[in-house]
Amino acid sequence: MTCPRCQEAETPGERCPRCGVVVATYLVALEKMRRTPAPRPSAPPTAPAAVSSAVYAFSFHGRAGTLFGIQIVNMLWALLTLGGYYFWGKTRVRRYVFGQIALEGDRFAYHGTGGELAHGFSKAMAFFILPMIALNLLPRLLGAGEVLERSAQLLGYVVVSVFMPIAAVGAHRYRLSRTSWRGIRFSFRGHTWDFVKLFFRGSMLTTLTLGLYYPVFDTRRRAFMVAHAHFGNRRFGFDGNGRQLMLPFVVAVLLTVPTLGLCWFWYLAQKRRYFWEHTTFDRARFRSTVTGRLLLNLMGGNVLLLLATLGLGWPWVLVRNARFACDTVRLAGALDLAGVVQASQSEDATGDALSTFLGMDVGIA
């Protein structure tokens, strides 16, 4: 027979004398290989699903009547405690307002306490407020003369100028650290001294340019606060430079008298749109639909409401402002929250208390 492997003719017996293969065993193995189907090629690895692009909407669900009830209780407790309840009342308002803001149906939350605010105020009182009061009063009480009085006032002005950026960063840091969404805290990781240098450099350039540098200075302050803010372990971004606001700013200055100052509502609206539209998170970008007319209606209505109610309409003003902010801001783009993890920081409330004392505590924050 012929060897099926090496094709050697006249193979005697069971084994081929040329290649040594056992003919019967080789034929059985060959038959099995013919009957066994060939393996199918493996499918290429599946690429990870792309993050879908969408528009994420904010909403506000608070009621002015509920907030008015909180305000009345806060006023009564403040009277009973000679003002000591102020910090706990402020915290109650923040918790309510922040808890009524939602993004895609999930509410924000505020975790600060009145005790933290009271402790922060005591530190601000010891290291800033009392020394400032003493600096202004002692020269008069001691009869030090007009020269020393004016020198003390100048020194006080310098000290306040230094503490303003410190207070701004401290308040921003504390409030973000006490705010969460979907159980994950926000945080601020910018260095205070860097903002102090930015603040003084911008103030000097604004003065030297007779105010023309202000839009750039304003934008750089915003950029510092946004670009060092985090949600969990993810960082926000800001890519504006403020130069696009210089021409509208000059136009607003020139039209101030002819328009009785109303042109500034349109500038403020343009600035808000610019700030939001240059703010990013992950691969998404914020959008704003605020206009000068909407802003004029909001602020004009707030003033009339406060005047008509002798200030008691403040809860309605707060709700109007919060709802307006939520209705005019969107987050659009690809947003992947699966990789966001907790990375919170513990901060005290000294900067928050100091910003209140310096008159920098505005809005709901």
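The values are calculated or read from the model by the stated rules, or taken from the named source; none is laboratory data. What you are looking at is a predicted structure, and each value in this text was computed from that prediction instead of being measured. All Cβ positions, glycine included, derive from the backbone under ideal geometry; neighbour counts span all protein chains shown.
Per-structure values
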| quantity | calculated |
| --- | --- |
| Options Leu260, Leu294, Leu312, Leu306; residue that is more than 19 Å from Asp218 (Cα to Cα), surrounded by fewer than 18 Cβ atoms within 10 Å (Cβ to Cβ) and touching a Ser or Thr at 6+ places or on another chain (Cβ under 8 Å) | Leu294 |
| The range 221-257, subset touching a Gly at 6+ places or on another chain (Cβ under 7 Å) and surrounded by 20 or more Cβ atoms within 10 Å (Cβ to Cβ), residue nearest to Leu298 (Cα to Cα) | Ala223 |
| Residue check for Leu210: of a type outside the set (Phe, Trp, Tyr), on the phi > 0 side of the Ramachandran plot and outside the structural domain of Leu117 (by TED's automatic domain parsing) | yes |
| Ser122 being within 31 Å of the chain's Cα centre (by Cα), in a helix (DSSP H, G or I) and more than 13 Å from Asp352 (Cα to Cα) | no |
| Asp194 among the acidic types (Asp, Glu), surrounded by fewer than 17 Cβ atoms within 10 Å (Cβ to Cβ) and either assigned to a helix (DSSP H, G or I) or in contact with a helix residue (DSSP H, G or I) (Cβ under 6 Å, 6 or more places away or on another chain) (or both) | yes |
| Number of the exception - Ala126 against (1) modelled with pLDDT of 90 or more; (2) more than 17 Å from Leu318 (Cβ to Cβ) | (1) |
| Single residue of Ala269, Ala252 found to be on the phi < 0 side of the Ramachandran plot, touching a Ser or Thr at 6+ places or on another chain (Cβ under 6 Å) and either among the aromatic types (Phe, Trp, Tyr) or not in a loop (DSSP other than H, G, I, E, B) (or both) | Ala269 |
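Results for (1) modelled with pLDDT of 75 or more; (2) crowded, with 16+ Cβ neighbours inside 10 Å; (3) closer than 30 Å to Gln342 by Cβ; (4) among the charged types (D, E, K, R), shown as yes or no for each residue.
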site: Ala134; (1), (2), (3), (4): yes, no, no, no
site: Gly143; (1), (2), (3), (4): no, no, no, no
site: Ala152; (1), (2), (3), (4): no, yes, no, no
site: Pro165; (1), (2), (3), (4): yes, yes, yes, no
site: Val169; (1), (2), (3), (4): yes, yes, yes, no
site: Arg173; (1), (2), (3), (4): yes, yes, yes, yes
site: Phe186; (1), (2), (3), (4): yes, yes, yes, no
